[in-house]
1. Could you say whether any residue in region B:5-14 is aliphatic (A, V, I, L, M) and away from ligand 1 (no atom under 12 Å from the Cβ)?
2. Please go through region B:15-36 and pick out each residue that is within 8 Å of ligand 1 (Cβ to nearest atom) and closer than 11 Å to B:Leu339 by Cα.
3. For region A:55-66, which residues satisfy the criterion of being under 21 Å from A:Ala92 (Cβ atoms) and either within 14 Å of another protein chain (Cβ to nearest Cβ) or within 8 Å of ligand 3 (Cβ to nearest atom) (or both)?
4. Hand me the list of strands (runs of 3 or more DSSP E) wholly inside region B:79-135 holding 1 or more residues that are within 16 Å of ligand 1 (Cβ to nearest atom).
5. Can you tell me which of (1) under 24 Å from B:Ala291 (Cα atoms); (2) touching a Leu at 6+ places or on another chain (Cβ under 7 Å); (3) touching a residue at least 12 places away in the same chain (Cβ under 8 Å) is the one B:Gly98 doesn't meet?
6. Filter region B:147-190 down to the residues that are more than 7 Å from chain A (Cβ to nearest Cβ) and in contact with a His (Cβ under 9 Å, 6 or more places away or on another chain) and list them by number.
7. If you scan region A:147-163, which residues turn out to be more than 7 Å from chain B (Cβ to nearest Cβ), buried (at least 21 other Cβ atoms within 10 Å of the Cβ) and among the hydrophobic types (A, V, I, L, M, F, W, C)?
8. Can you confirm whether region A:110-119 contains a residue that is within 15 Å of the chain's Cα centre (by Cα) and either within 16 Å of ligand 3 (Cβ to nearest atom) or in the same structural domain as A:Glu79 (by TED's automatic domain parsing) (or both)?
Amino acid sequence: MYEGAIQDLIDELGRLPGIGPKSAQRLAFHVLSADPIDVRRLAASLVKVKEVVKFCTICFNVAEDDKCRICRDPRRSDEILCVVEEPKDVVAIERTNEFRGRYHVLGGAINPLEGVGPDNLRVRELMQRLADGEVKELILATDPNTEGEATATYIALLVKPMGITVSRLASGLPVGGDLEYADEITLGRAFEGRRTI
Amino acid sequence: MYVRRLELVDVRSYARVGVDLQPGPNVLVGPNGVGKTNLIEALGYVATLGSHRVATDAPLVRAGAGSAVIRCAIVHESRELLVELEIVPGRANRARLGRAPVRRARDILGALRLVLFAPEDLSLVRGDPAERRRYLDDLLVLRQPRFAAVRSDYERVLKQRNALLRSSYLTKRVTKTAGDLSTLEVWDQHLAEHGAVLLAARLALVDALAPHLSKAYDAVSAGEGAAAIAYQATVPEPTADAVLAALRASRPQEVERGVTLVGPHRDELALTLGPLPVKGYASHGESWSFALALRLAAYELLRADGIEPVLVLDDVFAELDTGRRERLATLIADAAQVLITCAVEADVPTRLSGIRYTVRPGEVVREQ
Ligand SMILES: Nc1ncnc2c1ncn2[C@@H]1O[C@H](COP(=O)(O)OP(=O)(O)O)[C@@H](O)[C@H]1O
Ligand SMILES: [Mg+2]
Ligand SMILES: [Zn+2]
């Protein structure tokens with residue numbers, strides 16, 4: 001245990017995902033020895049991100065306005081909608097350059113162990129977006145793990161009666177993993193080879 | 001297949017140790033508590049990614065160390081393969097195959113095929129059904145590593161489904177209205193898909209295993225009884241539809257109790273000697289013979305698949321009478337590799353006294 005401010009910083013860093021006690025200590029001492037200007041810039045961007053970044057009112061991706069860059073883009077198709085768990089999945093799919101439609105970010109996956117059901121996700125908002133009939137194909141790009149698969153099945157069951165084509169990314173993605181860790185080529189292929197369910 | 005070398009860093013009682021092993025019998029001798037089981041437990045971990053003694057990884061790391069490394073060189077069809085596994089409690093294990101890191105530790109399954117028999121195995125016969133399901137599933141994965149994924153998918157879906165049932169059950173108790181079960185249908189579907197695959201694989205396995213088991217028991221006990229195994233399923237057929245139908249039928253009780261009551265996680269491997277079940281009827285000696293026969297049957301089945309697995313007998317001979325010792329020695333005399341541990345060398349029949357090692361605290365010395 002250290003005293004005062006340095007221990008406070010270690011504790012705060014240690015609460016971040018993927019940072020254990022040892023990493024937290026290493027980061028804290030790095031900050032301590034860094035140039036004060038760099039540290040101020042880091043602190044400012046931490047504060048700014050909470051003030052400036054909002055969620056897009058249409059797709060729930062991160063945005064700096066009411067609408068995100070993708071929802072504002074007139075060149076993208078409104079007929080095809082890709083459902084993902086998190087904003088980072090949007091980034092991963094955009095990197096593949098295979099997709100020209102719009103997104104819907106659920107904000108997670110169905111996970112009873114963590115108390116997450118459909119009501120805790122943006123499922124109702126998704127159904128509202130689909131109600132006007134403009135979307136013709138829905139691509140379910142939730143993670144290829146237990147919770148992602150269950151979420152995809154759940155949404156497919158809801159959407160099927162509406163006459164919308166529902167597809168799931170092709171297999172070939174590393175099973176049990178996160179979408180964001182798939183490389184561009186694998187993810188691009190999974191998109192290309194998506195199958196209707 | 002045989003293990004040519006085993007190296008441990010910060011595993012159990014060993015800071016750092018390396019042992020060169022030989023094909024055929026290898027006898028590790030040392031007093032109780034010196035670290036014999038620690039060695040072969042590490043080898044077993046490479047084969048199954050789990051310990052045969054403990055359910056968590058923390059005890060495997062030497063007290064005071066942060067992580068443990070198990071390295072072994074495995075010779076199969078005259079080619080040598082290096083496997084390295086780093087165990088960091090609370091985190092995913094890291095593994096290398098040859099010199100290359102693998103994406104997940106699970107990818108090393110199949111590199112070492114090993115059958116281990118230890119005193120703990122008495123619980124195969126006397127313990128809960130979970131012990132016998134684990135025996136089947138471990139063997140399934142040893143034969144076809146892809147079942148590691150089926151098994152873990154099934155277990156994950158089951159956990160999620162139980163969590164949903166439990167939270168709905170609690171909501172109902174508190175608010176007197178049914179909890180949210182809108183996603184139950186989805187979990188049922190996924191549980192049925194994985195469950196049917198697992199069930200079909202277990203049924204096929206038990207079919208293949210049964211004759212080996214009867215033969216092994218006969219050989220160990222010198223014809224003292226007719227041993228048999230039979231799979232008792234909670235679902236009539238290994239199809240997704242059948243599992244789904246069974247789940248539907250038991251749904252009212254499941255919602256009432258907050259747990260999943262049918263499926264491969266509720267099945268049993270029935271063990272019988274003549275007309276009687278083994279559990280509750282068999283003598284101590286018979287129970288021992290049955291546990292040993294289960295392991296030997298697994299060994300013979302893997303051999304019949306065309307892969308000579310490594311056989312490990314931990315502290316086994318001390319538990320057997322002279323007749324059983326000699327018969328066991330005959331059965332395994334031509335094995336590709338057998339690792340035998342004992343406290344008293346005289347307990348091991350002379351025909352198995354191949355290469356001998358003395359185990360001392362923290363080190364293993366080969367005798368000339
Ligand atoms: N994580 C650990 N760190 C240090 N020592 C350990 C650890 N786990 C077990 N041991 C020690 O290993 C010994 C048991 O070794 P074991 O291989 O079971 O003995 P045996 O030779 O009888 O098979 C005990 O003395 C125990 O204290
Ligand atoms: Mg021991
Ligand atoms: Zn948007």
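1. Checked region B:5-14: at least one residue is aliphatic (A, V, I, L, M) and away from ligand 1 (no atom under 12 Å from the Cβ).
2. B:Lys36
3. Correct list: A:Cys56, A:Ile58, A:Cys59, A:Phe60, A:Asn61, A:Ala63.
4. B:79-87, B:114-117
5. Looking at each condition in turn, B:Gly98 falls short on (1).
6. Listed by number, the residues that qualify are B:Val150, B:Arg151, B:Tyr154, B:Glu155, B:Leu158, B:Arg161.
7. If the condition is that a residue be more than 7 Å from chain B (Cβ to nearest Cβ), buried (at least 21 other Cβ atoms within 10 Å of the Cβ) and among the hydrophobic types (A, V, I, L, M, F, W, C), then A:Ala152, A:Ile155 are the ones that fit.
8. Kept after step one, since they are within 15 Å of the chain's Cα centre (by Cα), are these residues of region A:110-119: A:110.
When the remaining residues are screened for being either within 16 Å of ligand 3 (Cβ to nearest atom) or in the same structural domain as A:Glu79 (by TED's automatic domain parsing) (or both), the result is A:110.
Yes, that holds for at least one residue.
The values are calculated or read from the model by the stated rules, or taken from the named source; none is laboratory data. Since this is a predicted model, take the numbers as computed values, not measurements. Positions of Cβ are backbone-derived with ideal geometry, glycine not excepted, and every protein chain shown enters the neighbour counts. Just the protein is used for accessible areas: all its heavy atoms, side chains included, with ligands, DNA and RNA removed. Shrake-Rupley method; radii C 1.70, N 1.55, O 1.52, S 1.80 Å.
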